Amino acid sequence: MAENDLHNQPILKAICSNNVVLEGRSKTIPAAILIKDEYIVEIIELLDTSQIPEIMPSYSEYTWISYGDLYISPGIIDLNACFNEEVSSELEGDALDSENPVNPSMIEDWEGYESGTKASISGGVTTVIESPSLARSTLTTLNDYLMKLNNLSNINLYCDIGFLAFIDPNSLSEISNLSRSGIVGFKVYMIPPFGDLKYFTTENLPLLFQEVSQYPKPLFIHPEKTSERFLYMSSPFRQYGLDRRKIRTMPAALLFAASLPEESSPTSSDSSSSSSSSSSGEGELEEKKKFEGKIKKESENFECLIKAEINTYSHSGNTIYNSEVKNPQETPEIPKFSINQTNFNNFRSPDFEQNFLKPTQIKPVNPELRRNSWRPPPIDCEKIEHPDQADYRVFLSNSPQQWETNGIQSVLSELKNFPNVKVHISSVSSANAVYAVRKAKLECPELSLTCETCGIYIHFSMNHIRDGDTRFKAHPPIREEKNRQLILDLLRMGSIDTVTSYHQPVKPALKNISNGDFQKAVSGVSSIGLTLQCCYGAIRNDPREDAVKLAQILSMKPAEIAGIEKVKGSIAVGKFADFFVWNPYETDVQNCQYMRHPSVSPFVGERLAGKVLVTYLRGKIAYREGEFFANGRAL
């Protein structure tokens, strides 16, 4: 029983296997999926596929296809991907003005919807919700949306695609019109995203929630949030003269480029897989308390800016105050102090308020008195070299975990006043941030709050990244191994609702791979179609149970978040026949051949378990072991 003609498929077909993922089941079961046109019309539970000859006479009009012991899972719904049909003019200009100019003819050589959806469907992804990113024509109005739909009519799509509209404080009035269209939801940022687009602050979040609360569309929030002072310190433009800063906007390629040290150096504990505690004891109170203790310990380091400044100045060398000292080596060594032992209040003298907080008249100082007055011990000043921009730890220090936690806390403080707003926190890389969401869910169950992490954050850590390997550059960044282990624990505990690809393709010329400069490289990781393998590697245990857990994380929950659960997300009667056939026991070395620019994907050469063999989209084969059929459309 095999399907011979892929192009002229019958309207009625029955797909069966010994391992089908169905709603309400804790393990896969033998079943037959009966399809009429695009929809599932009946599901027949079997003892095993050997029953098929007995059943076939009752369904003689159906074409029967058996996949034996292979697994059939509902199509994956990726809530966070971008295909960058066109590069932004602002980023384009930055590339052309750089030291290594890009040929203008290459500007249009970006991954578009055709190659992007092709790579998606090969990984079992039947629906992609595109997040606004570097596109020249960012979707912000109803007219933008209609124009995008019109453009898609001339493009071959291999999976279904939906869209998020970008909203900033200046476009709140567009929410009403967009909500009545086919838009899936809205995307907002709490940090400057790209180009001249605006972001939300704590002060204008209530206006956003008030407007969105009137409509049933989900609100996707990129959570990173920092103070303007910290953001300015992180900008390479703080080194430029005022004249240049006035005429040049900050390009997305150089955002967060400075070195603000944080505790990011790998330790022995980072290298070990020390945190696998909650894989089997989800319901055990003692295990949860132990895990929460680890998270709280990680969350204690909130003074990243203060620590960065102290760390910077404590390594700044010696400065000579006494001009009579000729040889700095003869001066006593100044004791070093530990950051954790520093009492910041000791820096304030008893007469601080009297002498410094009140305006005083400056009086001339007697030169003789000045010479005889007490001075600090003489210290020598050494030249500080510019940080190595190929060092991944320098890049990682630019985006501390506290940025994500800050954003989430700001959202939660206002969201409690708007419990009917459906909020989804996207692109979370920090275990502390996930824990903050988890805690909010437990304390305020009335909130409609979900969160995601991404395949790159559960598969990679800083330990995987060599200096200069800019393929890994993303915002938020891939963090330390201990953070990855905590993310895995949270995923196993069910504290993470879904996992996305966070696919942001960047062509090789803008990745600065040859120079290995993280400051100049454009942020974005090519990862579409590999979320299944990343998640399966993280939870791998019993494939029959794992397939059900994966369906909940990658299909059922994202369908609910996007508001399309009535037609997608599970193998059930009345829904689209979106599913894929895969082998959890087969491993494959990834070559990312279906991506537009596989050379910039960090997954190339990775051996991942779980190979997708066939993908069905609305009852028709869209992918089968290297063959593609364009059945996709816009939602």
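Quick notes
- Taking 7 Å steps out from each Cα toward its Cβ at residue 50 and residue 416 produces label points 6.1 nm apart.
- When each of 225/611; 118/566; 439/520; 482/566 is checked by Cα-Cα distance, pairs over 32 Å: 225/611; 439/520; 482/566
- Volume per residue that the Cα convex hull of region 525-611 spans, once the total is divided by residue count, Å³: 115
- Taking the average, over residues, of other Cβ atoms within 10 Å as the packing measure, peptides 201-209, 621-629 rank 621-629, 201-209 from highest down.
- Ordering of 39-50, 527-538, 469-480, 116-127 by packing [mean C-beta count within 10 Å, highest first]: 116-127, 527-538, 469-480, 39-50
- Database remark: amide H of residue 42 closer than 5 angstrom to the amide H of 34 (H placed geometrically; neighbours at sequence offset of 5 or more, or on other chains; Pro and chain starts carry no H).
- The mean accessible area for residues of region 125-228, using a 1.4 Å probe and ignoring ligands and nucleic acids, is 36 Å² per residue.
The values are calculated or read from the model by the stated rules, or taken from the named source; none is laboratory data. None of the values given here were measured: they were computed from a predicted structure. So basically every Cβ, Gly included, is an ideal-geometry build from the backbone, and we count neighbours across all protein chains shown. For accessibility, only protein heavy atoms count, side chains too; no ligands or nucleic acids. Shrake-Rupley method; radii C 1.70, N 1.55, O 1.52, S 1.80 Å.
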